[in-house]
Amino acid sequence: MKDFWTEVEPIVYEGRIKIPYSWQAGETASFFLTQLRDREKIWGKHCPECGKVLVPPRKSCPFCFVDTEKWVEVSDEGVVETFTLVREGTPIQPLKAPFAYAVIRLDGASTGLVHVLSEVEPEKIREGLRVKAVFSKDRKGSLLDIAYFKPVGS
Amino acid sequence: MGKRVAIVGTGQTHHRSVRRDVNGQELIHEAAVRALQDAALTIRDVDGVVIGNMDHFEGINYVDCWSIDGSGGYLKPTIKLTTGGTTGATLAIAGYHMVASGMFEKLLVIGWEKNSESDTTGAISTCADPIIERQIVAGAISGLALEAQAYMHRYGATPKDAARVSVRDRRHACNNPYAQLRGEITIEDVLNSPKLADPLRLLDMCPRSDGACAVIFASEDVAEKICPAPAWVLATANRHMYSDYTDVVEMSSLLSMVEASRELWKKLNIREPLKEVDVIELYQPYSWAGLIWIEDMGLCKKGEGPRLLWDGVTDMGGELPINPSGGVVATNPIGATGLIRCAEVALQIQGKAGAKQVPDVKLGVATGFGGNWWTDMLALGKKKPL
Amino acid sequence: MERVAIVGIGQTKHEARKKEVNFAELVYEAVNNALKDAGIGIGEIDNVVTTCNDFWDGRTISSMATGDVSGARGKNVSVVEGDGTFGAFYGLTRILSGAYGTTLVTAYSKGSESIPYLITNAAFDPIYMRSLGLDLVTACALQARRYMKRYGITEEECALVAVKNRGNALANPNAHQGMKITVEEVMRSPKIAEPLKAFDLSPVSDGACCIILAREDRAKKMSPRPAWVKGVSFCADAYLLGDRDLSECRALEKAAQAAYRMAGVQKPREEIDVAEIHDAFTYQELLWTEGLGFCGPGEGGKLVARGATAKSGELPVNPSGGLLGAHPVIAAGLIRIAEAARQLRGDAGGMQVKEDVRLALAHGVNGVCGQSHCVWILGRN
């Protein structure tokens, strides 16, 4: 086999899969996203069985397998549960490194929302930090209508 | 020795071209809830979840993990299978083996697809090898057109013969509240519909759909307690061969169907399938398959498929009705399609098929098609296997 | 459970970029190695399960490419999309169902052919998470931080895993990144997403693995020392990262408990002789040793620090080098099964932990941040 490769050049074929997608959000996520876009409000959905307020909202509770019922508005402020400071970025990230990803428990929510932190010095980020949503000026009905979270009072 | 396995509940969504009201997880949830309701079980009764779709149609990786919210797999064993168009049938076969193994007592098997979310042809073309074939492959339609051409050339069948298949299935679909396309069509409608790839016309082809199907497989230890007349899995057989489309040489005959059906009939001790099988849900992605593959399955000799169609043998009321649900040309959420075939046969055996019911079904066969000219088959029966 | 054994194992050498072969050819190599190991021909394989991932392969229905090279012709075959441990599970059930006497299972990946952060970003929900640009590394960094903060696990303790496993990989002829490194070198390596540094990450490797499972009556004819399947189970946790406490691994605990129960293992710390687990990141080895019951919650760091999981320790973990030594995605779990089987057979060469290995554990993960786990218990008898 070694001899074979002295005669033949290993060809590498460059290609890309480009498939356009249009994901339907469904009624539940559509309400959540349009509320971000139109009213800068964040909503969760309440499970009648376990009592959790699910943020982001789901049509059925993943834990109980029953339909969620009430819409519950949650605060745009909450607490950092865990985070990571990204040092080496990739082109698909919404912010340039260094920036932080965080799991944020908004006041009133039972589950964490994963988002990004900005306008904060890396050393100041810690578990328990209170943060507030900063909405984007150009909102389209997507999760990034919240541009990022920043420390409360800053 | 393994356990005997039966289907004790089925559920499906009302299949449509686009379901804008739900996202993928919610679609899955609908079918899962319906199957549980059908079996009068709760999600807590289920020991595991098996799920499948074709990745590039929705662009989501690790779907077994992603779908937990909708599938009910939270803190349960959850696993994903995907084999192109045969996915649904592959899932059913997996449901059988996993329960027969004794590892699960009640298993929820889900097939789903939200084809409206992507460019179906673009996505499916990525199945071709990027170096050898992808630059020339143009989706599924042209491949099927090659088969139709080869068959026409060899046996003299005509587009009119193929159209008779579409007419049958669209008529049958009128009895199926879950079917997507529920309007009768005529031979002329088919022959006048827009040409896609010679000789295929629009009404020869299946649509693409948003839909999901869920089936609950149960072990003999509990099946009859859950459902007094379940549909027992009698035998399975499949063939997935060929790496590239260019490997297929003879196109007027579906080799995987020939081999898989031979194995299935042998396992069932069936000599004359036309007489001994009561109903078939055939994964028939286009009309011509309804002529070619019934020959390859051994219902009649090569070239005689059209005769069976024109004699009404495969119509409701005929000797061996095919696709009482309307089949794939009426409804095609790809990852679910093969599983829907299985669910429909189960309904037939259980006597729960409503307006689609074929009288006195004791033995039914469901097939799957997809990938590189692959075939999967399952036989379900009323009588508990020995 | 009826007695089924692993009678043949085969792998390729796992490397950064295997330019000379495509992934089908990789699988073919692993299949032939496994057949040779079992001393049988492809004709004695009754059915085949290939483990694939359409995203990593850049092909939908990627199993099209690997069927023929796995001997699919004329046989009943199927596919699992997920880590190799899950594929092997399905392969096992196809024997236990009574349908087949032998199953050949393959798993492979050519990670070099893709852009990993795009591939793993696709695992995130398109509506609620994908636009955040998360990938496996950044998501696992969130988990690492949560886990380490909760229990006071230190970065140095994580670094010990890299030192141990990459060191172990030096004795593994198939490993990709066997190297002698120090804790200081790990600590000084470039920060990727804190607390993860370059040496905390497993490499992305090209490689394939194949195992042959056989029912007892067939196994006895094939292998002088089959590795018997004593227990296996798997379990998935909630999906959205914020839906669970990332410092916990209840899915792993459930899967492990079920597998131990099946195998009749009551005290894993004492009864398991060696474990091959999914160390995609250094912190994961610590967290999973807790979930597997090798130590109490939060004690993973102390476990590795006192040398308990070293090759010569009381419960060696990843003597093969684990994923830190070689990580062809999807194949990772199947390789763990193969390496565990080797320990039981006593032919693990320089990786052999001791002569008398009776029970071995193999573990695989699917999804992000260890959402779904599969645990295998293999035994010599």
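Taken together, the values in this text are just the output of simple stated rules run on the coordinates, not laboratory data. Bear in mind the structure is a predicted one, so any value in this text is a computation, not a measurement. Note: ideal-geometry Cβ built from the backbone for every residue, glycine included; neighbour counts use all protein chains shown.
Brief remarks on what is shown
- Beta bridges from DSSP with both residues in chain B: antiparallel share about 75 percent, rounded to the nearest 5.
- Region B:175-273: C-alpha gyration tensor shape, a/c 1.5 cut-off, then a/b vs b/c: oblate
- When the listed pairs A:Lys96/C:Lys302; B:Lys3/C:Lys230; A:Lys52/B:Lys356; C:Lys13/C:Lys75 are checked against a 31 Å cut-off, the alpha-carbon distance exceeds it for A:Lys96/C:Lys302; A:Lys52/B:Lys356.
- Set of region C:109-144 residues, backbone N closer than 19 Å to the point 7 Å along the Cα-Cβ line of C:Ala16: C:109-117
- Helix-only CD estimate at 222 nm, as mean residue ellipticity for the protein assembly as shown, using -39500 (n - 2.57) per DSSP H run (n ≥ 4): -9500 deg cm²/dmol
- Tilt relative to chain C, helix C:23-38 - C-alpha long axis, 0 to 90 degrees, to 10: 60
- Förster-model FRET efficiency, 30 Å R0, C:Arg358 and B:Leu75, C-beta, rounded to 0.05: 0.45
- The ranking of A:Ile19, C:Ile212, C:Ile6, C:Ile115 from fewest to most other beta carbons within 10 Å of each one's beta carbon is C:Ile115, A:Ile19, C:Ile212, C:Ile6.
- Considering only B:Arg341, B:Arg239, B:Arg134, the mean-square fluctuation computed in a Gaussian network model of chain B, springs between alpha carbons under 10 angstrom, is largest for B:Arg134.
- The simple spin-label model puts a point 7 Å past each Cα toward its Cβ; for B:Lys275 and B:Lys195 those points are separated by 4.4 nm.
- Shape category assigned to region A:25-151 from the gyration tensor of Cα positions, a/c cut at 1.5: prolate
- Between the helical axis of C:250-263 and the longest alpha-carbon principal axis of chain C there is an angle of about 40 degrees.
- For chain A, the list of Cys residues with no other Cys C-beta under 4.7 Å reads A:Cys50.
- Positive-end residue, region A:25-151 charge dipole about Cα centroid, Cβ charges, pick of A:His46, A:Val116, A:Gln93: A:Gln93
- Average Cα contact separation per residue, region C:280-381, under 8 Å, 6 or more apart, as relative contact order %: 18
- Cα gyration tensor shape of region C:80-127, rounded if a/c is under 1.5, else prolate or oblate by comparing a/b with b/c: oblate
- Exposure proxy shown here: for C:Ile40, C:Ile181, B:Ile28, the number of other Cβ atoms within 10 Å sets the order, fewest to most, as C:Ile181, C:Ile40, B:Ile28.
- For region A:25-151: relative contact order, % (alpha-carbon pairs under 8 angstrom, 6 or more apart): 24
- Electrostatic dipole magnitude of region A:25-151 [Cβ: Lys, Arg +1; Asp, Glu -1; Cα centre; debye, to 20]: 160
- Folded to 0 to 90 degrees: helix A:26-39 orientation relative to chain A principal axis, Cα: 70
- Each Lys and Arg Cβ is given +1 and each Asp and Glu Cβ -1; about its Cα centre, chain C then shows a dipole of about 540 debye.
- Where GluC sites (Glu not before Pro) in DSSP loops with at most 15 other Cβ within 10 Å are excluded, longest remaining stretch of chain A: A:89-118
- From least to most packed, judged by other beta carbons within 10 angstrom and beginning with the fewest, C:Leu344, B:Leu81 follow the order C:Leu344, B:Leu81.
- Within chain C, percent of DSSP bridges classed antiparallel, to nearest 5: 70
- DSSP finds beta bridges in region B:260-386, and of those with both partners inside it, around 65 percent are antiparallel.
- Relative contact order %, chain C, counting alpha carbon pairs below 8 Å whose residues are six or more apart: 24
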